[in-house]
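K.L.:
Okay, handing you the structure first.
Just so you know, all these numbers are worked out from the coordinates, no wet-lab data involved. In this text the structure is predicted, and so the values were computed from the model without any measurement. Counting neighbours? That spans all protein chains shown, and the Cβs are built from the backbone with ideal geometry, glycine included.
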């Protein structure tokens, strides 16, 4: 901890500052809001947006075909009925967790450096959860009956089975999506008021005005607002830990060798934050270069995020080692076989690539030179994203394809529609993300203002 | 009774000036005073005597309602409405109900936080007189305002304006209704 938000001595020798010197309330406001309020949409926005839109079309095509033909278009066959769909679900929802960690947990820990990255990280959470939610829904087989997952009075006289982790998951993920959206929107209100007051275009002013709901920055409102932020952070913190715990219950409550393990909840949460920070870096590194935000998202931010990645990466590495140790130490034939099959079975290359991506390569993050080199960091983040996807693939597919009875063994391979659906959600994610950075302030303006030395009241106030 | 103006507003350059002015206004005896700033300033809240708010209580109530409704819903559905006997296992298997109870506690608390915040702040508010001051648009950028409302018993259009001017603001303006 140690970084008090009131402590403005962020300019320490040898460490780059949280915010570059020379900024005032007016300059940070104008700089961040002008990205949204400009009439011109830059070319570097259009090109990725068009690519993302193209991928979104791929997604719509894949989903359309799925609606017409059913989930059989995917490679899921007995015994591997979860395949890429659940792999992608866990991957996306894990990515979302970093946004909540930055916005909620780092707020409670008074890490003021988070103020300039929390907004777009939270947006990333929302869009990642939207992508994640697609997979279990599409995987239902009859996605249009998704509302059967919720308890409601119905003419069939049937209700959900509350002893099933899959039903817990429905509640956990939908609560997470709702709470994240509310947290994000509450955080936006003061900035929407700023946009309302600065917009010259009538239509923009009316839109932001409606969204800002008449926020006027009154002290009595700010006081309640600060309480609300802290309360939401306090609620989101256990929530985010519970969500990936519940996701891990989807696996651990089953008795499949390789799944039935008490280490899963903390191991999943650490992995989620690991991949989430990698995604935040993948987004932040190009964004700050494109929009010239190096003075607001400084090397200090990148360095700190790399350190979080390193720390969670070590937890993940420890979990891998312990998973193997427990399998051996348990003396259970099936557990031992499951691990041995991961290492030497038909999917062994995936396992070893995963070990390289998640465990070996990220050790370079110990070096400050790597952590402060944006090209290396970017490559490292992509590597972690790949590694964490492989981890879920190994957990889902490799555990399922060899269970207790050799007679039920099988081999799984994805089809072109698995690939199209997955790549399509990446398109959906970036489509939403680019719309967000064009229409909303991607950095929290009012929170960045509090980072400025001028924000401090210098004279003592009698109590 | 409708007063001729909503109040008098002074504009300040920085949070220190606003906090000092807020303290002096309170010392002078004004009570219906509001400060406007581009970010939260703890010292201003203190100067204006803003200590308590009911939001945590609202959130606690929301959480309790959420937790109870989550648990009771599961109890009702799994035990009374739709009991399934699986190998004689207990219908009221409470450990497996905890997770949804927890999630609904969080959900209802968060909803109570957001709705409570909007309710206590009186938002959405489509019209408010302070926006009639043209320079007030800067309250969301880099300026700090202090408004003594006409409802204050000590309010006097002339004297209050003079008093506000003595606090070295950048400008004092009347806020029309």
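K.L.:
For peptide B:16-23, compute the average count of partner chain beta-carbon atoms within 10 Å of each residue's beta-carbon.
P.N.:
So the per-residue partner count for this stretch is 3.
K.L.:
Now a separate question. Which order do the peptides B:66-78, A:363-375 come out in when sorted by mean C-beta neighbours inside 10 angstrom, highest first? Working shown, then result.
P.N.:
Working: B:66-78: 18.2, A:363-375: 14.3.
In descending order of packing, they fall as B:66-78, A:363-375.
K.L.:
Same structure again: Can you give the FRET efficiency for residue A:202 and residue A:43, using 1/(1 + (r/R0)^6), R0 = 25 Å, r = Cβ-Cβ distance, to the nearest 0.05?
P.N.:
After rounding, the FRET efficiency stands at 0.40.
K.L.:
For region B:93-171 and region A:378-418, what is the separation of their Cα centres, given in Å?
P.N.:
That distance is 51 Å.
K.L.:
For the protein assembly as shown, taking Cα atoms only, what is the radius of gyration to one decimal and the Dmax to the nearest whole Å?
P.N.:
27.3, 94
K.L.:
Would you work out the relative contact order for region B:55-121, in percent, from Cα pairs under 8 angstrom that are 6 or more residues apart?
P.N.:
Reported relative contact order: 57 percent.
K.L.:
Taking only C-alpha pairs under 8 Å that are 6+ residues apart, what is the relative contact order of chain A in percent?
P.N.:
Result for chain A is 32 percent.
K.L.:
Is the shape of region A:387-463 best called rounded, prolate or oblate, per the rule: a/c under 1.5 gives rounded, else a/b larger than b/c gives prolate, else oblate, with a ≥ b ≥ c the square roots of the Cα gyration tensor eigenvalues?
P.N.:
Here region A:387-463 falls in the oblate category.
K.L.:
Using 1/(1 + (r/R0)^6) with R0 = 60 angstrom and r between the beta carbons of residue A:405 and residue A:110, what's the FRET efficiency to the nearest 0.05?
P.N.:
On the way: r = 54 Å, r/R0 = 0.90.
Rounded to the nearest 0.05, the efficiency is 0.65.
K.L.:
Given the rule -39500 (n - 2.57) for each run of at least 4 DSSP H residues, summed and divided by the residues of chain A, what is its mean residue ellipticity at 222 nm, to the nearest 500 deg cm²/dmol?
P.N.:
Computed mean residue ellipticity for chain A: -21500 deg cm²/dmol.
K.L.:
Then there is this: Where does each of B:123-132, A:448-457, A:117-126, A:398-407 land if you order them by average Cβ count within 10 Å, highest first?
P.N.:
Per-residue mean Cβ counts within 10 Å order the peptides as A:117-126, A:448-457, A:398-407, B:123-132.
K.L.:
Would you mind classifying region A:249-400 by shape? Square roots of the alpha carbon gyration tensor eigenvalues, ordered a ≥ b ≥ c; an a/c under 1.5 is rounded, otherwise it is prolate if a/b is larger than b/c and oblate if not. All intermediate terms of the calculation are to be shown ahead of the outcome.
P.N.:
Details: a/c = 2.59, a/b = 2.46, b/c = 1.05.
Prolate, since a/c reaches 1.5 and a/b exceeds b/c.
K.L.:
On a 0 to 90 degree scale, rounded to 10, what angle separates helix A:25-37 from the longest Cα axis of chain A?
P.N.:
Roughly 50 degrees, rounded to the nearest 10.
K.L.:
Would you kindly state how much longer the chain becomes between residue A:454 and residue A:158 on full extension, computed as 0.36 nm times their sequence separation minus their alpha carbon distance, in nm to one decimal?
P.N.:
Difference between extended and current length: 100.4 nm.
K.L.:
Now for a separate question. Going by average Cβ density within 10 Å per residue, which order do the peptides A:318-324, B:38-44 take, highest to lowest? Numbers along the way, then the final one.
P.N.:
On the way: A:318-324: 15.9, B:38-44: 22.7.
So the peptides A:318-324, B:38-44, ranked by packing, come out B:38-44, A:318-324.
K.L.:
Here's something else I'd like to know. Give me the one-decimal Kirkwood hydrodynamic radius in Å for region A:45-119, with the sum taken over alpha-carbon pairs.
P.N.:
That comes to 15.8 Å for region A:45-119.
K.L.:
Please compute the contact order of region A:334-446 in relative form: average sequence separation of alpha-carbon pairs under 8 Å and at least six residues apart, divided by the residue count, as a percent.
P.N.:
On the way: 57 pairs, mean separation 28.1, N = 113.
Rounded, it is 25 percent for region A:334-446.
K.L.:
Estimate the FRET efficiency between residue A:348 and residue A:326 by the formula 1/(1 + (r/R0)^6), using the beta-carbon distance for r and 22 Å for R0, to the nearest 0.05. Could the numbers behind the result be given before it?
P.N.:
On the way: r = 20 Å, r/R0 = 0.91.
That pair, residue A:348 with residue A:326, gives E of 0.65.
K.L.:
On a 0 to 90° scale, report how tilted helix A:299-330 is relative to the longest principal axis of chain A, with both axes built from alpha carbons and the result rounded to the nearest 10.
P.N.:
Computed tilt is about 20 degrees.
K.L.:
Measuring from centroid to centroid over Cα atoms, what is the spacing of region A:193-207 and region A:286-327 in Å?
P.N.:
When both Cα centres are located, 37 Å separates them.
K.L.:
For region A:343-390, take every pair of Cα atoms, bin their distances at 5 Å starting from 0, and report each bin as a whole percent.
P.N.:
Using 5 Å bins, I get a P(r) of 5, 23, 26, 20, 12, 7, 4, 2 for region A:343-390.
K.L.:
On C-alpha positions alone, give me the angle between the axis of helix B:55-75 and the longest principal axis of chain B, in degrees, nearest 10.
P.N.:
20
K.L.:
For labels at residue B:77 and residue A:67 in the simple 7 Å Cα→Cβ model, what's the distance in nm?
P.N.:
Each label point lies 7 Å from its Cα, and together they span 2.6 nm.
K.L.:
For region A:176-237, state the average projected area of the convex hull of the C-alpha atoms over all orientations, rounded to one decimal in nm². The partial results should precede the final answer.
P.N.:
Working: hull surface 17.9 nm².
So the mean shadow area of the Cα hull is 4.5 nm².
K.L.:
Also, I was wondering about something else. Rounded if a/c is under 1.5, else prolate if a/b beats b/c, else oblate: with a ≥ b ≥ c from the C-alpha gyration tensor eigenvalues square-rooted, which is region A:353-432?
P.N.:
Oblate shape, in that a/c is at least 1.5 and b/c is the bigger or equal ratio.
K.L.:
Extent of region A:272-316 along each principal axis, from alpha carbon coordinates, in Å, largest to smallest?
P.N.:
So the three principal-axis extents are 34, 16, 9 Å.
K.L.:
Per residue, how much space in cubic angstrom lies within the convex hull of the C-alpha atoms of region B:55-121? All intermediate terms of the calculation are to be shown ahead of the outcome.
P.N.:
Working: hull volume 4.6 nm³, N = 67.
Looking at region B:55-121, the number lands at 69 Å³ per residue.
K.L.:
Provide Rg over Rh for chain B; use the alpha carbon set for both Rg and the Kirkwood Rh (inverse mean inverse pair distance).
P.N.:
Value, to two decimals: 1.27.
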